[in-house]
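Undergrad: A single structure is presented below for examination.
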Amino acid sequence: MKVVLQRVKRASVMVNGKVTGQIEKGIVALIGVAPDDDETVLRAVAEKMTGLRIFEDDEGKMNLSLNSVNGKILAISQFTLFADCRKGKRPSFSGAAGGQIAKSMYEKFVSICDELSGKKTETGVFGEDMIIDLTADGPVTIILNSDELNISGRQ
C-alpha cells in the first residue's frame with residue numbers, strides 16, 4: 001500500500017461536476033492498494049497516517065495529530081501511485097491491485113479511517129475521473145509505503 005498525504009487548509013473532490021467530498025483542515029490521502037495488501041496493512045497505515053504529528057502546535061512546531069486538531073480526511077483512490085516507469089515512456093500499473101480487490105480494500109481503509117478519526121472520511125468515487133481542489137498547508141506532503149513500515153502480523 002502506498003499513501004501520499006498532504007496537509008491541507010481545505011480540499012474538495014468533484015466527479016462529473018458534482019462535489020462528492022470536501023473538508024476543511026485535515027489531510028488529503030491519495031491511496032494506492034497492492035494485490036497482497038490485507039486488513040493488517042490497511043489498519044497499520046491508517047494508524048500511522050492519523051497518528052502522525054504533522055500539525056502545528058501553539059509554538060509553530062509540528063507536534064499535533066489529525067485528531068488533536070479536529071481535522072478530517074479526504075481519501076482518494078489512486079492506482080497510479082504504483083506506476084512503474086523503468087521501461088519506455090508508458091508507465092505500467094501492474095503493481096496495483098485489480099479493480100474489485102482495490103475497491104474493497106479502499107472501502108475498508110476508509111472505514112478504518114472513520115473509526116480512528118471518529119469522523120466520516122470524505123471520499124471521491126472509486127474508478128472515476130476526479131477533479132481535486134486543495135489549498136496545501138505548509139506545504140506538508142508525506143509518502144507512506146507499507147513496505148517501509150514495521151507491520152506485525154502481516155501475512
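The values are calculated or read from the model by the stated rules, or taken from the named source; none is laboratory data. None of the values given here were measured: they were computed from a predicted structure. Positions of Cβ are backbone-derived with ideal geometry, glycine not excepted, and every protein chain shown enters the neighbour counts.
Undergrad: For residues in region 1-43 being of a type in the set (A, V, I, L, M) and more than 18 Å from ALA102 (Cβ to Cβ), which is surrounded by the most Cβ atoms within 10 Å (Cβ to Cβ)?
TA: ILE27
Undergrad: What are the residue pairs meeting all of these: first residue in region 46-63, first residue without any contact (Cβ under 8 Å) to a residue 40 or more places away in the chain, second residue of a type in the set (Phe, Trp, Tyr) and crowded, with 16+ Cβ neighbours inside 10 Å, Cβ atoms under 8 Å, and 6 or more apart or on different chains?
TA: Close Cβ pairs (under 8 Å, with a partner that is of a type in the set (Phe, Trp, Tyr) and crowded, with 16+ Cβ neighbours inside 10 Å) amount to ASN63/PHE55.
Undergrad: Looking at GLY71, GLY138, GLY118, which one is small (Gly, Ala, Ser), crowded, with 20+ Cβ neighbours inside 10 Å and either within 14 Å of VAL28 (Cα to Cα) or in contact (Cβ under 8 Å) with a residue 40 or more places away in the chain (or both)?
TA: The match here is GLY71.
Undergrad: A further question follows. State all residues of region 74-92 that are surrounded by 13 or more Cβ atoms within 10 Å (Cβ to Cβ), over 17 Å from the mean Cα position of the chain (by Cα) and either under 28 Å from ARG10 (Cα atoms) or not small (Gly, Ala, Ser) (or both); if no residue qualifies, say none.
TA: Once the filter is applied, which keeps residues that are surrounded by 13 or more Cβ atoms within 10 Å (Cβ to Cβ), over 17 Å from the mean Cα position of the chain (by Cα) and either under 28 Å from ARG10 (Cα atoms) or not small (Gly, Ala, Ser) (or both), region 74-92 yields only PRO91.
Undergrad: For THR80, only one of the following conditions fails: (1) of a type in the set (Val, Ile, Thr); (2) modelled with pLDDT of 95 or more; (3) touching a strand residue (DSSP E or B) at 6+ places or on another chain (Cβ under 9 Å). What is its number?
TA: All conditions are met except number (2).
Undergrad: Take region 44-67 and flag every residue that is of a type outside the set (S, T, N, Q), surrounded by 16 or more Cβ atoms within 10 Å (Cβ to Cβ) and under 19 Å from GLU24 (Cα atoms).
TA: Residues satisfying the conditions are MET49, LEU52, ILE54, PHE55, GLU56, LEU64, LEU66.
Undergrad: List the strands (runs of 3 or more DSSP E) inside region 1-119, counting only whole elements, that have at least 3 residues being under 24 Å from ASP133 (Cα atoms) and among the aliphatic types (A, V, I, L, M).
TA: 2-15, 26-32, 72-77
Undergrad: Pick out the one residue from GLY99, GLY124, GLY95 that is touching a residue at least 24 places away in the same chain (Cβ under 8 Å), more than 17 Å from ALA29 (Cα to Cα) and either among the hydrophobic types (A, V, I, L, M, F, W, C) or surrounded by 13 or more Cβ atoms within 10 Å (Cβ to Cβ) (or both).
TA: GLY95
Undergrad: Based on this model, can you work out whether SER146 counts as surrounded by 13 or more Cβ atoms within 10 Å (Cβ to Cβ), modelled with pLDDT under 95 and farther than 25 Å from GLY17 by Cβ?
TA: Considered against the rule, which asks whether it is surrounded by 13 or more Cβ atoms within 10 Å (Cβ to Cβ), modelled with pLDDT under 95 and farther than 25 Å from GLY17 by Cβ, SER146 comes out as yes.
Undergrad: A further question follows. Among the numbered conditions (1) of a type in the set (A, V, I, L, M, F, W, C); (2) assigned to a loop (DSSP other than H, G, I, E, B); (3) under 19 Å from ASP37 (Cα atoms), tell me where VAL125 comes up short.
TA: (3) is the only condition that VAL125 fails.
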